[in-house]
């Protein structure tokens, strides 16, 4: 059930990214993590500028959000009857492992440092 809730929350939070980041950067300046604070300010600025100039690019994150919501519905079956929906659990485990590989490859390609 927690996995379903995590998918729902992450899906719903992918729609208002600029608003969420604006709120976060307003409240993080006192944190003792200057690298993280600077990075979040940079991400917010980039997202706001991109949304101003090219709002259609946010359509991609809309589909990302939708995918999270659909996957949450998929896992309801596995929660209710895990034996009969064993393949859903296997799919979820494969996806959880796969996301690490994507992060390790795509992160550096996009200029996102692993550690700072």
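When ranked by the protection proxy of mean other Cβ atoms within 10 Å per residue, highest first, what sequence do the peptides 22-31, 70-79 form?
On the way: 22-31: 11.1, 70-79: 15.6.
Per-residue Cβ counts within 10 Å, averaged per peptide and sorted highest first, yield 70-79, 22-31.
Would you please put 6-12, 88-94 in order of how densely packed they are, using the mean number of other Cβ atoms within 10 angstrom per residue and starting with the highest?
Details: 6-12: 15.3, 88-94: 13.7.
Descending packing order for the listed peptides: 6-12, 88-94.
Counting only helical runs of four or more DSSP H residues, what would the 222 nm mean residue ellipticity of the chain come to if each run contributes -39,500 (n - 2.57) and the total is spread over all its residues? Each step should come with its number before you reach the end.
Values: 5 runs with 90 residues, N = 116.
It lands at -26500 deg cm²/dmol.
Can you tell me how much longer the chain between residue 63 and residue 36 gets when fully stretched, taken as 0.36 nm per residue apart minus their C-alpha distance, in nm with one decimal? Working shown, then result.
Numbers: separation 27, 0.36 × 27 = 9.72 nm, distance 2.72 nm.
Result: 7.0 nm gained on full extension.
Candidates [x] 14.0, 42; [y] 17.1, 50; [z] 19.0, 64; which is the computed Rg and Dmax of the Cα atoms in Å?
Correct label is [y].
Rule-based calculations on the coordinates, nothing more; no lab input. Note that this is a predicted model, so its numbers are computed, not measured. Counting neighbours? That spans all protein chains shown, and the Cβs are built from the backbone with ideal geometry, glycine included.
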